[in-house]
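What follows is a short report on a single structure.
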Amino acid sequence: MISIEGLSKIFTADKQKLTAVDNLTLDIKDGEIFGVIGYSGAGKSTFVRLLNRLEEPTGGRVVIDKQEITSLNSRKLRLARQEIGMIFQHFNLLWSRTVKDNIAFPLEIAGIAKAEREQRVQELIDLVGLSGRENAYPSQLSGGQKQRVGIARALANRPKVLLCDEATSALDPETTNAILDLLVDINQKLGLTIILITHEMHVIRKICNQVAVMEKGKIVEQGDVLDVFLRPKQPVTRKFVQQVM
Ligand code: ATP
Ligand code: MG
């Protein structure tokens, strides 16, 4: 279970204050595929980066699996982050490393011995469907294949949670569907909780159980995907629902 209480992030730049995430409270159950949708600037990326403290909150708490992430010292935070994988819109791969060495990278950092590393990398390559491309470099891969590497790397330390920030936004519709199918497969096989951020309602409809709609740093509507589709309450939600009508 992920429990978020009163989470806030206020950025200060040039003496101006900007509230990117505004006193957000939310529970996410284990094994859920939880979607967060909102327009550009709504605070989605900031929200997800607060969960693993890539951003430091200015207020509130995040508890993942009974561990209060927001109160950990840096050593414990490093360990806790192994339980929280993340994938990105632009993949963030290491361009000078092969597929297999990208996936091995978090295992090297975690101090896993070579033999175990190699075995785990091979399992991950099979899981994400990249067999035969182990020795390719990211520049030799398609967008969909790059994201498969990103997913395998995020799963390397067997996290309990996977954070996806616009993970399919750089991909064409067919490749998007293949990556979403892979996320469902991972959710079912590994029992992993997935938090998926997007500005596309069809992505939510295809794979999420729950959805939260963000506007100006707040969650303005939340519930079962089907309920929200059938009975959108807020104008912003109606606009998103119309995208897929
Ligand atoms: P998009 O769909 O475009 O990715 P988003 O919903 O992910 O948007 P955020 O990136 O979380 O939105 O940004 C929320 C607000 O916080 C924006 O107004 C943005 O300009 C501001 N913001 C984000 N990061 C910073 C930062 N490091 N310093 C100052 N302001 C920031
Ligand atoms: Mg964003």
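Rolling a 1.4 Å probe over the protein heavy atoms of the stretch 1-150, with every protein chain left in place, gives an accessible area that is 47 percent carbon and sulfur.
Counting only heavy atoms of the protein chains and using a 1.4 Å probe, residue 202 has close to 70 Å² of accessible surface. Here the simple spin-label model places points 7 Å from the Cα toward Cβ, and for residue 54 and residue 3 these points are separated by 2.6 nm. How many angstrom separate the Cα center of the stretch 1-38 from the Cα center of the stretch 116-168? Cα centres, the stretch 1-38 to the stretch 116-168: 27 Å. Each residue of the stretch 133-148 was assigned a 3J(HN,Hα) from its phi angle through the Karplus curve 6.51 cos²θ - 1.76 cosθ + 1.60 (θ = phi - 60°); the sequence is 10, 3, 9, 6, 9, x, 5, 9, 10, 6, x, x, 5, 4, 5, 4 Hz, with glycine and proline shown as x. Note on residue 40: accessible area is roughly 120 Å² with a 1.4 Å probe, heavy atoms of protein only.
Working note: Karplus 6.51/-1.76/1.60 with θ = phi - 60° gives the stretch 14-22 the couplings 6, 6, 8, 9, 10, 8, 7, 10, 10 Hz, where Gly and Pro are set to x. Taking the Cβ of residue 213 as the center, what net charge do the other residues with Cβ under 15 Å away carry, scoring Lys and Arg +1 and Asp and Glu -1? Taking every other residue near residue 213 into account, the sum is +2. Phi-derived couplings, Karplus 6.51 cos²θ - 1.76 cosθ + 1.60 at θ = phi - 60°, listed residue by residue for the stretch 58-71: 8, x, x, 10, 10, 10, 10, 6, 6, 9, 7, 4, 6, 10 Hz, with x used for Gly and Pro. Once the dipole of the chain is set up with Lys and Arg at +1 and Asp and Glu at -1 on Cβ about the Cα centre, which of 34, 82, 171 lies farthest towards its positive end? About the Cα centre, the residue reaching furthest to the positive side is 82. Normalised per residue, the accessible area of the chain is 49 Å², obtained with a 1.4 Å probe and no contribution from ligands, DNA or RNA. Per-residue extension of 0.36 nm, minus the Cα-Cα distance of residue 90 and residue 131, leaves a gain of 12.6 nm for this segment. Put 238, 120 in order of accessible area, highest first, and with a 1.4 Å probe you get 238, 120. Over the Cα atoms of the stretch 1-99, the radius of gyration divided by the Kirkwood radius equals 0.99; this is the Rg/Rh ratio.
The values are calculated or read from the model by the stated rules, or taken from the named source; none is laboratory data. In this text, all values refer to a predicted model and were calculated from it rather than measured experimentally. Backbone-built Cβ (ideal geometry, glycine too); neighbour counts: all protein chains shown. Calculation scope for accessible area: heavy atoms of the full protein, side chains included, ligands and nucleic acids excluded. Shrake-Rupley method; radii C 1.70, N 1.55, O 1.52, S 1.80 Å.
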